[in-house]
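Undergrad: Mind having a look at this structure? Questions to follow.
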Amino acid sequence: MESAVVLPWHGRPESAPRELGAADWERYERHLAEILAALGMDIDTPGTRETPRRLLRALYDATAGYDGDPKLLTAFPAERDPSRSGRDGLILEGPIAFVALCEHHALPFHGVAHVAYVAGSEIIGISKLTRLVRLYARRFTVQERLGEQIADRLVELIAPRGVAVRLEAAHLCTQMRGVEETGSRTVTTFWRGTFDEDADLRREFLDEIRAAHR
Ligand SMILES: [Zn+2]
């Protein structure tokens, strides 16, 4: 990777990887088999025999954000001179697709994130922003916390002048139970730094997203 730098505060693990022993896996599979059978699934067919194992594995993979992401920890020095004055450009990435599990029902909410920042002395690549979104999406969470964590971690990683995060997601827990119409989406936005103070910058961010969807 060209000119990647690892800064002193990088390298602290987000969290230790989870450790589930083989005996734990087997016990959880048995519990899931019991629950699925009680709900009405015939769990002794060729199609369903492995379902408890697959469901457990799917849940484990969908919550892989708890294992952290060591590859997130590199930044690139921005090209611009940090002492230069004047308005700095907005760096906007998205849509970044994500799937998260709502912590109230453990059912998916899924959608897209747009992340923008005004760089300080460092920038971060698109692939890293995708990693950042997924680090926090692949957990049991709520849309509000997800956006806060993405914004705060980006501030911590590259100390930008400002950060904007917009999340748009459909929540299966409300749609499956008929609480919300299918297709309805929840939009949340989060501002840090210059975005907090500058309404023009917020408008520019939202206009660019709208233009990209036209
Ligand atoms: Zn829910």
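Undergrad: Considering only segment 89-103, state which residues are at pLDDT below 95 and within 16 Å of the ligand (Cβ to nearest atom).
TA: Of everything in segment 89-103, nothing turns out to be at pLDDT below 95 and within 16 Å of the ligand (Cβ to nearest atom).
Undergrad: Of all residues being part of a strand (DSSP E or B) and within 16 Å of the ligand (Cβ to nearest atom) in segment 104-119, which is surrounded by the fewest Cβ atoms within 10 Å (Cβ to Cβ)? Just the residue, please.
TA: His110
Undergrad: If you don't mind, there's one more thing I want to ask. Which members of segment 168-183 meet the condition of being surrounded by 13 or more Cβ atoms within 10 Å (Cβ to Cβ) and out of contact with any strand residue (DSSP E or B) (no Cβ under 8 Å at 6 or more places or on another chain)?
TA: Scanning segment 168-183 gives Thr174, Gln175, Met176.
Undergrad: Can I ask one more? Do you know which residues across segment 135-154 are farther than 12 Å from Val115 by Cα and either hydrophobic (A, V, I, L, M, F, W, C) or not assigned by TED's automatic domain parsing to the domain that holds His105 (or both)?
TA: Selection gives Leu135, Ala137, Phe140, Val142, Leu146.
Undergrad: Right, next: Collect the residues in segment 162-180 that are out of contact with any Lys or Arg (no Cβ under 9 Å at 6 or more places or on another chain) and away from the ligand (no atom under 16 Å from the Cβ), keeping them in residue-number order.
TA: Matches in segment 162-180: Arg166 only.
Undergrad: Just a yes or no: is a residue in segment 168-178 over 24 Å from Asp69 (Cβ atoms) and part of a strand (DSSP E or B)?
TA: Checked against the condition, which is being over 24 Å from Asp69 (Cβ atoms) and part of a strand (DSSP E or B), segment 168-178 yields at least one hit.
The values are calculated or read from the model by the stated rules, or taken from the named source; none is laboratory data. None of the values given here were measured: they were computed from a predicted structure. Here the Cβ is made from the backbone with ideal geometry for all residues, glycine too, and neighbour counts use every protein chain on show.
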